[in-house]
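Report on the structure given below.
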Amino acid sequence: MRTLTVILLTLSVLLVSSMVSSQNTRFSDPATVVQDEFWGKLYADGGTSFFCETPFTSKGFLLTDGYIYPLAQVRRALECGTSSQCASDDRYRQIASDLHNIVPVRNRTEMRRRNALYEELGPSGKPDECGIRQSAQFFEPPEKVKGDVARTVAYMVDTYNLPWAGATSVFKNWNRMDPPDDGELTRHRRIAEIQGNENPFVLEPDRMENL
């Protein structure tokens with residue numbers, strides 16, 4: 001009986017450890033994370049903007065930190081109020097500090113997409129110079145990052161029990177059509193080193209089929 005109890009306790013500890021390691025538990029101060037970890041470490045040497053692939057060597061005034069899973073939808077899901085009200089919500093602060101969900105975005109692009117749901121608009125929507133299609137309520141990213149978007153949204157849904165930021169079938173299709181490339185894998189590896197956890201859908205894209 002004692003042996004069985006020890007085994008059950010061990011399994012419980014392993015399960016809790018697994019759950020903890022699957023999400024961001026290292027950071028919970030969004031402003032500091034953006035400044036020190038995102039711009040200060042992850043993109044310290046520059047990079048390219050997420051949707052438009054515009055090269056940059058430093059942040060500059062044309063770029064901002066964007067959230068693939070929009071924070072407005074996080075606030076709505078948590079029902080914590082406005083951005084200033086949610087700033088005192090520990091769960092919101094943890095989610096808003098997750099580097100897997102933060103990308104460098106052109107200010108103009110971020111202003112247009114921050115409250116939109118993701119959708120496949122098809123030929124009915126005329127693409128802009130970056131390949132973005134958009135309507136009043138929906139946003140379709142360029143082909144080259146559709147899989148990146150899908151795997152990040154899946155991570156946020158699975159990790160933090162958030163609702164999908166669009167139709168589930170759309171994200172699953174994007175995941176299939178745009179598998180992880182070297183750029184996505186490199187960024188993922190660097191985030192895992194800084195933050196201490198991984199996005200399992202980048203390492204095993206087929207996992208999305210089970211959501």
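Only the coordinates and a few stated rules stand behind these numbers; no lab work does. What you see is a predicted model; the values in this text were computed from it and never measured. Virtual Cβ from ideal backbone geometry, glycine too; neighbours counted across all protein chains shown.
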- Item | Label corresponding to semi-axes √(5λ) of the Cα gyration tensor in Å when calculated from the structure given, among [x] 26, 24, 14; [y] 30, 20, 18; [z] 26, 20, 17 | [y]
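How many lysine pairs does the chain hold where the Cα atoms are under 20 Å apart and the two sit 8 or more places apart or on different chains?
Lysine pairs, 8 or more places apart or on different chains, close enough: 5.
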- Note on the structure: Within the chain, excluding any GluC sites (Glu not before Pro) found in a DSSP loop (not H, G, I, E or B) and having at most 11 other Cβ atoms within 10 Å, the longest uninterrupted segment runs 130-211
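Going by C-beta contacts inside 10 Å, put Phe61, Phe38 in order with the fewest on the left. Don't jump to the answer; show the numbers that get you there.
Working: Phe61 6, Phe38 23.
Least crowded to most crowded, the residues run Phe61, Phe38.
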- Using a simple charge model, +1 on the beta-carbon of Lys and Arg, -1 on the beta-carbon of Asp and Glu, nothing else, what dipole does the chain show about its Cα centre, in debye to the nearest 20? 340
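For the chain, what does the relative contact order come out to in percent, with C-alpha contacts under 8 Å and a separation of six or more? Kindly include the intermediate steps, with their values, before the conclusion.
On the way: 277 pairs, mean separation 45.5, N = 211.
Answer for the chain is 22 percent.
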- Note on the structure: Each label sits 7 Å from Cα toward the beta-carbon; between Met177 and Phe61 the label points are separated, in nm, by 3.8
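Filter the DSSP H helices in the chain by two things, a Kyte-Doolittle mean of at least 1.0 and an axial alpha-carbon span of 27 angstrom or more, and list the hits by number.
TM-like helix candidates: 2-21.
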- Extreme residue, positive dipole direction of the range 26-210, given options Met208, Gln94, Met111 (C-beta unit charges): Met111
